[in-house]
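Here's the structure, in structure tokens; my notes come after.
The values are calculated or read from the model by the stated rules, or taken from the named source; none is laboratory data. Quantities reported herein were computed from a predicted structural model and do not represent experimental measurements. When we count neighbours, we look across all protein chains shown, and the Cβ atoms used for this are built from the backbone with ideal geometry, even at glycine. Just so you know, the surface numbers come from the protein's heavy atoms only, side chains and all, with ligands and any DNA or RNA stripped out. Shrake-Rupley method; radii C 1.70, N 1.55, O 1.52, S 1.80 Å.
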Amino acid sequence: MLCIALNLYFGFAGGTEYFASLHALISLAAVASAPQNSVTFIVAGVIVFTSILISFRARWEYHILVCIASIFTYHLYWFFSTSPADAASHSLRYAGIAMTLLVGGAAIASHYRQIYRSSRFETLPFAVHLLNWAFLGTGLLLYSTGSKWNSILLGAAAMSVFLLSRHARKLGIRWLRTSDLLIAQSLALYALILAEQAQPGVDV
């Protein structure tokens, strides 16, 4: 743990996207080499969460892209490295959901800063933001139980993202407003599809 903390500090002290991304990847590789359990995923999530916070010093789009792509890849590796019985356990499920939301939320929040204020449509941040939402959604789907309540939760999520798009409009970030509107519409559509296919009697 001390080595990982020092590694992340060196990434921060380097002051560039390259060093921050390199040290984040090295730290994740170290965690991936250990036996996988809920603790290793929590550590991996904290590593990437901290690395994303480092990017708040500037507009480090490539660093955020490396962070979300690496944690998504590690998440799949971690999930499928566990046995079916372990994957269904509450501890692993809650760890997976919590870390997915923590990292995805940090990446989303990184774009809601005045430094991104622009009336122009910016392709790279737009693509990174959409990819983050895609990774976030896929990560959460790994823990879906087919519950009839999923459509309600997705509907609430769609409304929340719609409100975020309104906030992005107030901030004057055109590409962010557009991306969040697309995500809100997609979530609303998926919620309607799930409502049609809901299986009665399935627990959350």
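Brief remarks follow.
- So Ser21, is it over 18 Å from Ala107 (Cα atoms), of a type outside the set (A, V, I, L, M), in a helix (DSSP H, G or I) and touching a helix residue (DSSP H, G or I) at 6+ places or on another chain (Cβ under 9 Å): no
- In the stretch 164-194, the residues that are of a type in the set (A, V, I, L, M, F, W, C), more than 22 Å from Thr123 (Cα to Cα) and either open to solvent by 60 Å² or more (accessible area, probe 1.4 Å) or in contact with a Lys or Arg (Cβ under 7 Å, 6 or more places away or on another chain) (or both): Leu189, Leu192, Ile193
- Residue match in the stretch 59-79 (condition: loosely packed, with under 14 Cβ neighbours inside 10 Å, β-branched (Val, Ile, Thr) and within 30 Å of Leu163 (Cα to Cα)): yes
- Any hit, the stretch 142-154, residues being assigned to a helix (DSSP H, G or I) and either modelled with pLDDT of 85 or more or exposed (fewer than 14 other Cβ atoms within 10 Å of the Cβ) (or both): no
- Residue match in the stretch 93-104 (condition: without any contact (Cβ under 8 Å) to a residue 24 or more places away in the chain, in a helix (DSSP H, G or I), out of contact with any strand residue (DSSP E or B) (no Cβ under 6 Å at 6 or more places or on another chain) and open to solvent by less than 60 Å² (accessible area, probe 1.4 Å)): no
- Residue list for the stretch 90-134, restricted to those being of a type in the set (Gly, Ala, Ser) and over 13 Å from Trp175 (Cα atoms): Ser91, Ala95, Gly96, Ala98, Gly104, Gly105, Ala106, Ala107, Ala109, Ser110, Ala134
- Residue match in the stretch 43-57 (condition: aromatic (Phe, Trp, Tyr) and open to solvent by 10 Å² or more (accessible area, probe 1.4 Å)): yes
- Residues in the stretch 1-16 that are in contact (Cβ under 8 Å) with a residue 40 or more places away in the chain, in a helix (DSSP H, G or I) and open to solvent by 50 Å² or more (accessible area, probe 1.4 Å): Phe12 alone.
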